[in-house]
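Trainee: This is the structure I have questions about; it appears just below.
Quick note: the coordinates plus some simple rules give every number you see, no bench work behind them. It should be emphasised that the depicted structure is a prediction, and the values quoted were computed from it without experimental measurement. Using ideal geometry, Cβ is built from the backbone for each residue, glycine included, and neighbour counts are taken over all protein chains shown.
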Amino acid sequence: MGPNGEQVGIVSIHDALKLAQEADLDLVEVAATARPPVCKLMDYGKFKYESAMKAREARKNQAHTIIKEIKLRPKIDPHDYETKKGHVVRFLKAGDKVKVTIMFRGREQSRPELGFRLLQRLAEDVQELGFVESQPKQDGRNMIMVIGPHKKKAEAKAEKAAAKAQRGSEEPSELEAESSVQEAESSVAEPSVQEA
């Protein structure tokens, strides 16, 4: 193959190297297993740089799912429960998984059904944002449940960026409105007092 991707045909190695030197390019073997082997004239340094940049860009756009953890106690106050539920909602909206842990102490360990009911209640409260990925299970002194988001991390990131762009476009109009109000106030002249 030539430098622009055109077919050169079957050429001897000596002739191919000569073509590469004339074009000031490298002769790179593309398909070694093919008969005859397929080679291409290209700037190999530039090719490696471009492929590295593509890989870096792909890694940058890749979404990493993070598991966030919330710890609760079986005898949690209603207000504290609402606060923890708010954290779970925030994590699920961001597209992260949430690991909910209920810690039992002392005699609480003999009543695991309290923790189970609490986890079921939490799952019902956030079911529009996420689903129960792993059912509640006892693990020593703790009971653990994992809730996964309905939308993926990438979707949540795109939504957040769109909302940010929307807010950015609204701010200038608010500033313009504010400046026009100030101009209107300054244009209203105060009546002058004349002494006779």
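Trainee: Hey, what D do you get for region 13-61 in µm²/s if you plug the Kirkwood alpha-carbon radius into Stokes-Einstein at 25 °C and 0.890 mPa s?
Mentor: In µm²/s, the coefficient rounds to 199.
Trainee: Report the local net charge at Lys85: Lys and Arg +1, Asp and Glu -1, summed over other residues whose C-beta lies under 12 Å from its C-beta.
Mentor: Neighbourhood net charge equals -1.
Trainee: Also, I was wondering about something else. Can you work out the base-10 log of I(q)/I(0) for region 67-149 at q = 0.11, 0.16 1/Å, using the Debye formula on its C-alpha atoms alone?
Mentor: -0.25, -0.53
Trainee: Could you please report the charge total around Arg56, scoring K, R as +1 and D, E as -1 over all other residues with beta-carbon less than 15 angstrom from its beta-carbon?
Mentor: Net charge in that neighbourhood comes out at +2.
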